[in-house]
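Following: one structure in structure tokens, then a few remarks.
The values are calculated or read from the model by the stated rules, or taken from the named source; none is laboratory data. Quantities reported herein were computed from a predicted structural model and do not represent experimental measurements. Note: ideal-geometry Cβ built from the backbone for every residue, glycine included; neighbour counts use all protein chains shown. Only protein heavy atoms, including side chains, enter the accessible area calculation; ligands, DNA and RNA are left aside. Shrake-Rupley method; radii C 1.70, N 1.55, O 1.52, S 1.80 Å.
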Amino acid sequence: MIIFYFTASGNSLAVAKKIGGELKSISQEMKCTDLNYEDDAIGLVFPVYANEPPKMVQEFLSRAKMKSDYFFAVGTYGMMSGNPFKYVQREAKKNGYQFDYTNCLLMVDNFLDNFDVKKEVQKIPKKKIEENLAVILADIEARREKEMPAGIMTRAVTKMCEPLYRGIVSGKMSEKFTVDDKCIKYGICANVCPAGNITVKESVQFSQKCEGCYACLHMCPQNAIHVKNEKSSDRWRNPEVTLKEIIDSNKQ
Ligand SMILES: Cc1cc2nc3c(=O)[nH]c(=O)nc-3n(C[C@H](O)[C@H](O)[C@H](O)COP(=O)(O)O)c2cc1C
Ligand code: SF4
């Protein structure tokens, strides 16, 4: 079993690790010219951004050629997932297959524009992450075929989020970031950026390839990177994932 994952603050990687199999980081795979894969089961785990998968995940699905008896996808999200599988299935269909099982898992919301990490951490017991993950793990183990239902309201909200999504993946999201004088130019931000969007010399420079993932904000050991009007002074890294694992996943 191969699992392709994308992660910024570790939630999706923590889920991918629990599912098991051969884990492949999408931001590393995207460096390869040969994106042909075949296995008995192929999975995808990604964070939901404005009800969609990250741009890099959609590009990966568009380029990759995959063969398997069983395809599954899990989206991790913090408040409202919408129907991210609309975009996942669309890319799969273009490549002649479809995901047999799709589901979302409510986790800590790392979108600092709207959420305070301290409050999100307090909500962990209510989110029943382990319980809900156990259901997903059992479904995948049993090779269950079931698509996450998306009613008319969910589909409408997902559609309404499209302009927001376009803003996130415009490449310019990092124009909203500032770096304060706690920055020691250690360069972790550059090493956790899956888009290679950051260079650190005399100062931290953002380019125009931002995926809007917020890894740089969450992984900075000095908490020196901020997004305009952020609601949180704390940052989040899933405790089941190390900083090294985020770097190994994302370093370009
Ligand atoms: C730019 C951005 C947009 C997001 N949009 C949504 C969203 O539409 N709905 C939601 O429930 N969570 C949203 N989130 C929260 C993440 O999907 C969630 O925290 C996810 O588990 C993070 O996964 P990771 O730790 O693997 O990066 C967003 C996060 C970011 C950074
Ligand atoms: S600049 Fe920051 S938010 Fe943008 S892709 Fe890189 S790590 Fe993610």
Among the residues that make up segment 69-86, is at least one of them acidic (Asp, Glu), surrounded by 17 or more Cβ atoms within 10 Å (Cβ to Cβ) and more than 19 Å from residue 48 (Cβ to Cβ)?
no
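Among the strands (runs of 3 or more DSSP E) lying completely within segment 1-61, list those that include at least 1 residues that are open to solvent by less than 10 Å² (accessible area, probe 1.4 Å) and free of Cβ contacts under 8 Å to residues at least 60 places away in the same chain. Outline the logic, then answer.
On the way: elements: 2-5, 22-25, 36-47.
Hits in segment 1-61: 2-5, 36-47.
Give the residue that is nearest to ligand 2 (Cβ to nearest atom), with candidates limited to residues of segment 95-124 that are part of a helix (DSSP H, G or I) and open to solvent by less than 10 Å² (accessible area, probe 1.4 Å).
The initial filter retains those residues of segment 95-124 that are part of a helix (DSSP H, G or I), namely 117-122, 124.
From the residues that got through so far, the ones that are open to solvent by less than 10 Å² (accessible area, probe 1.4 Å) too are 117, 120.
Numbers: 117: 16, 120: 18 Å.
Across segment 95-124, the extreme among qualifying residues is 117.
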For segment 159-173, pairs from a residue that is within 16 Å of residue 47 (Cα to Cα) to a residue that is more than 8 Å from ligand 1 (Cβ to nearest atom) and in a helix (DSSP H, G or I), with Cβ under 7 Å and 6 or more apart or across chains, are 169/55
Where residue 143 falls short, out of the listed (1) within 23 Å of residue 168 (Cβ to Cβ); (2) surrounded by 13 or more Cβ atoms within 10 Å (Cβ to Cβ)
(1)
Which members of segment 177-195 meet the condition of being open to solvent by less than 30 Å² (accessible area, probe 1.4 Å) and in a strand (DSSP E or B)?
177
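Taking the stated definitions as given, is residue 239 surrounded by fewer than 14 Cβ atoms within 10 Å (Cβ to Cβ) and within 16 Å of ligand 2 (Cβ to nearest atom)? Lay out the reasoning, then the answer.
Values: surrounded by fewer than 14 Cβ atoms within 10 Å (Cβ to Cβ): yes; within 16 Å of ligand 2 (Cβ to nearest atom): no.
No.
In segment 196-235, which residues are in a loop (DSSP other than H, G, I, E, B), open to solvent by less than 20 Å² (accessible area, probe 1.4 Å) and either more than 14 Å from ligand 1 (Cβ to nearest atom) or touching a helix residue (DSSP H, G or I) at 6+ places or on another chain (Cβ under 8 Å) (or both)?
Residues of segment 196-235 in a loop (DSSP other than H, G, I, E, B): 196-197, 201-203, 207-209, 211-214, 220-224, 228-235.
Among the residues that remain, those that are also open to solvent by less than 20 Å² (accessible area, probe 1.4 Å) are: 197, 211-214, 224, 232.
Matches in segment 196-235: 197, 211, 212, 224, 232.
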What tally of residues in segment 153-168 results from selecting those that are open to solvent by 40 Å² or more (accessible area, probe 1.4 Å) and among the β-branched types (Val, Ile, Thr)?
1
Within segment 147-171, how many residues are in a loop (DSSP other than H, G, I, E, B) and farther than 23 Å from residue 31 by Cβ?
6
